[in-house]
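Novice: One structure follows; several queries about it will come next.
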Amino acid sequence: MTQRLNDKVTLVTGAASGIGRATVMRFLEEGARVVAGDVDREGLDELAKECRDRPLSTQVVDVGERVQCEGLVADVLAGAGRLDVLVNSAGITPRGLEETLDYEEKWDAVLRINMKGTLMMCHAAVDAMRQQGGGAIVNLASIMGLISYHPDLPLSDGFNPYPHSKGGVIQITRDLGVRLAPEKIRVNAVCPGFVYTALTAGLAESPDLHQQLIRRHPMGRFAEPEEIASVIGFLASDEASFVTAAAWTVDGGYTAS
Ligand SMILES: NC(=O)c1ccc[n+]([C@@H]2O[C@H](COP(=O)([O-])OP(=O)(O)OC[C@H]3O[C@@H](n4cnc5c(N)ncnc54)[C@H](O)[C@@H]3O)[C@@H](O)[C@H]2O)c1
């Protein structure tokens, strides 16, 4: 394994599961020092147990709370003295919310975490990166921030907040990427197709829908979280030194087909 991320102090949100967890593992393998944040205390404890003896610390955070975002970054700076990389992977879909909520409540709940949470983590991190002369941010968007759910799919009536939130994440990425380029802070988004994680478990349980979704990927399958983590590692590393304000599809050809 190459060591693209040697000694880079990295903060990953949504780190207890799925893509965030795979990112933590990949970054540790590539030499980074990692702080893992998530609302899920138990998931973080399991991660810490698995990574015993590695340079990993964990902290509970709700990225929808500004004070907690700022507190988390302050703690990283107090502990490590710098913050080189921020990966915003915390995210939800309306499928995980109580069905009794109406469309507006679901929209607020999803936007609060996916879009505003990303924004607030970026806001908290940028000052530190600016003062130290640079850094890299990778935001988890989605192909659903670039395209709509196909009308054949029973996934949206047009009011599903998930694509709206991810379109917002892409635009935050572009705007910050452009503004922060002169200060050597690179900001990029990753737009995965469907990935096998807790987030999509409900979809994969329905055989017909699962097959329909698989067929939309020319590669004929969903991704594994590690295949997203490797691209996140590249974007965070100095190998991506001229890459900023970009939305990277990692989708097995979905959006091109
Ligand atoms: N799985 C996919 O198919 C897919 C596709 C495209 C984009 N994404 C995006 O990738 C990111 C990671 O998704 P995943 O598939 O790994 O999901 P996941 O459910 O496996 O992991 C998400 C993690 O975020 C945490 N989280 C939720 N709310 C939080 C909050 N308020 N504060 C802090 N942590 C919180 C959860 O506890 C969980 O550990 C999300 O932003 C998701 O939208 C996923």
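Novice: Measure nothing but the geometry: give the 0 to 90° angle between the long axis through the Cα atoms of 18-29 and the longest principal axis through the Cα atoms of the chain, rounded to 10°.
Specialist: So the inclination is approximately 30 degrees.
Novice: Excluding residues fewer than 8 places away in the same chain, name every one of the lysines whose C-alpha is closer than 27 Å to that of Lys116.
Specialist: Excluding near neighbours in sequence, the set is Lys8, Lys106, Lys166, Lys184.
Novice: Follow-up question, since we're still on this one. Along region 154-170, what does the Karplus equation 6.51 cos²θ - 1.76 cosθ + 1.60 (θ = phi - 60°) give for ³J(HN,Hα), rounded to whole Hz, x for Gly and Pro?
Specialist: x, 10, 7, 9, x, 10, 5, x, 4, x, 4, 5, 6, x, x, 5, 5
Novice: Same structure, new question: So how much slack lies between Gln171 and Arg95, counting 0.36 nm per residue of separation and subtracting their Cα-Cα distance, in nm?
Specialist: 25.0 nm
Novice: Quick one: helix 66-80 against the long Cα principal axis of the chain, what's the angle to the nearest 10°, folded into 0 to 90?
Specialist: Taking the Cα atoms of the chain, the angle to 66-80 is about 40 degrees.
Novice: I need the peptides 199-205, 175-181, 122-128, 15-21 ranked by packing, meaning the mean over residues of other C-beta atoms within 10 angstrom, with the highest value on top.
Specialist: Working: 199-205: 14.6, 175-181: 16.6, 122-128: 19.6, 15-21: 26.1.
Listed from highest to lowest mean packing, they are 15-21, 122-128, 175-181, 199-205.
Novice: For the chain, give the percent of accessible area contributed by carbon and sulfur heavy atoms, probe 1.4 Å, rounded to a whole number.
Specialist: Carbon and sulfur atoms account for 51 percent of the accessible area of the chain.
Novice: Along Cα→Cβ, 7 Å out, is where each label goes; now give me the distance between the ones at Glu227 and Ala78 in nm to one decimal.
Specialist: The two pseudo-label positions are separated by 4.2 nm.
Novice: Here is a follow-up. Using the Cβ atoms and a cut-off under 12 Å, what net charge is assigned to the surroundings of Glu29, where Lys and Arg are +1 and Asp and Glu are -1?
Specialist: +1
Novice: What aspartates and glutamates sit close enough to Lys49 to cross-link, taking a C-alpha to C-alpha distance under 15 Å and skipping anything fewer than 8 places away on the same chain?
Specialist: Within reach: Asp40.
Novice: At a Förster distance of 35 Å, what's the computed FRET efficiency of Lys184 paired with Glu65, Cβ-Cβ distance as r, to 0.05?
Specialist: 0.75
Novice: Compute the length gained on full extension between Asp40 and Ala204: take 0.36 nm times their separation in residues and subtract their Cα-Cα distance, giving the result in nm to one decimal. Could you put the intermediate results ahead of the total?
Specialist: On the way: separation 164, 0.36 × 164 = 59.04 nm, distance 2.27 nm.
Extra length from Asp40 to Ala204 when fully extended: 56.8 nm.
Novice: Return the calculated 222 nm mean residue ellipticity for the chain, to the nearest 500 deg cm²/dmol, obtained by summing -39500 (n - 2.57) across DSSP H runs with n ≥ 4 and dividing by the residue count. Could you put the intermediate results ahead of the total?
Specialist: On the way: 9 runs with 107 residues, N = 257.
My calculation for the chain gives -13000 deg cm²/dmol from helical runs alone.
Novice: Next up: Using modelled amide H (1.01 Å from N, peptide plane; none on Pro or chain starts), what sits under 5 Å from the amide H of Val187, excluding residues fewer than 5 places away?
Specialist: Residues meeting the amide H criterion: Ile137, Ala245.
Novice: Helix 117-132 sits at what angle to the longest principal axis of the chain, using alpha carbons and giving 0 to 90 degrees rounded to 10?
Specialist: 20
Novice: OK, next. Suppose every Lys and Arg Cβ carries +1 and every Asp and Glu Cβ carries -1, with no other charges. What dipole size does the chain come out with about its Cα centre, to the nearest 20 debye?
Specialist: With only Lys, Arg, Asp and Glu charged at Cβ, the dipole is about 800 debye.
Novice: Using only the Cα atoms of region 9-249, what are the Rg and Dmax in Å?
Specialist: 17.2, 52
Novice: Could you point to the residue in Pro182, Asn114, Ser156 farthest towards the positive end of region 109-257's charge dipole, with +1 and -1 charges on the Cβ of Lys/Arg and Asp/Glu respectively?
Specialist: Positive-end residue among those listed: Pro182.
Novice: Separation of region 186-257 and region 39-76 by C-alpha centroid, Å?
Specialist: Centre-to-centre distance over Cα atoms comes out at 24 Å.
The values are calculated or read from the model by the stated rules, or taken from the named source; none is laboratory data. Keep in mind the model is a prediction, meaning the values are calculated, not measured. Cβ sites come from the backbone with ideal geometry, for glycine too, and all protein chains shown count toward neighbours. Surface areas here come from the heavy atoms of the whole protein model, side chains and all, with no ligands, DNA or RNA. Shrake-Rupley method; radii C 1.70, N 1.55, O 1.52, S 1.80 Å.
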